[in-house]
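For reference, the structure discussed in these notes is given below.
The values are calculated or read from the model by the stated rules, or taken from the named source; none is laboratory data. Values in this document were obtained by computation on a predicted structure and should not be read as measured data. Neighbour counts are summed over all protein chains in view; Cβ atoms, including those assigned to glycine, are modelled from backbone coordinates with ideal geometry. Just the protein is used for accessible areas: all its heavy atoms, side chains included, with ligands, DNA and RNA removed. Shrake-Rupley method; radii C 1.70, N 1.55, O 1.52, S 1.80 Å.
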Amino acid sequence: VQLQASGGGLVQAGGSLRLSCAAPGSTFRNRDIAWFRQAPGKEREFVAAINWSRNSKYYTDSVKGRFGISRDYAENTVTLQMDSLKPEDTAVYYCAADRGQIYSSNWRTYDYWGQGTLVTVSS
């Protein structure tokens, strides 16, 4: 499964960005698709995930109420809508997909990764 992430950019604090994760020629069926982020000098951390088939959604506490993850069957994409962005949200964001096993927020359990997309939030 090849993933393509897009949508990063520069935004002021309080602004919004939308990230998309596509899998051209592949299916997300039964998989968990997650967004992780990694800031300079920090470990990769879980942001949000969605199960494509069940539409179950998961968020890390720091983004609850600000970020929303969703799926689009027609476009075969997963979108991360990021609102009320804060400078501490600045990071490279990665989308990832697992093999369809039990959901986990541990990045090591995800086998397929897109290229990162940089999100910079200025204060």
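Given a Förster radius of 22 Å and the C-beta distance between ASP61 and THR109 as r, what FRET efficiency does 1/(1 + (r/R0)^6) yield to the nearest 0.05? FRET efficiency, ASP61 to THR109: 0.65. Springs join every pair of Cα atoms under 10 Å in this Gaussian network model of the chain, and among GLY65, GLY41, GLY100 the largest mean-square fluctuation is at GLY41. On a per residue basis, the chain carries 52 Å² of accessible surface, using protein heavy atoms and a 1.4 Å probe. Calculate, in whole percent, how much of the Cα-Cα pair population of segment 68-123 lies beyond 15 Å. I get 62 percent for the Cα pairs in segment 68-123 exceeding 15 Å.
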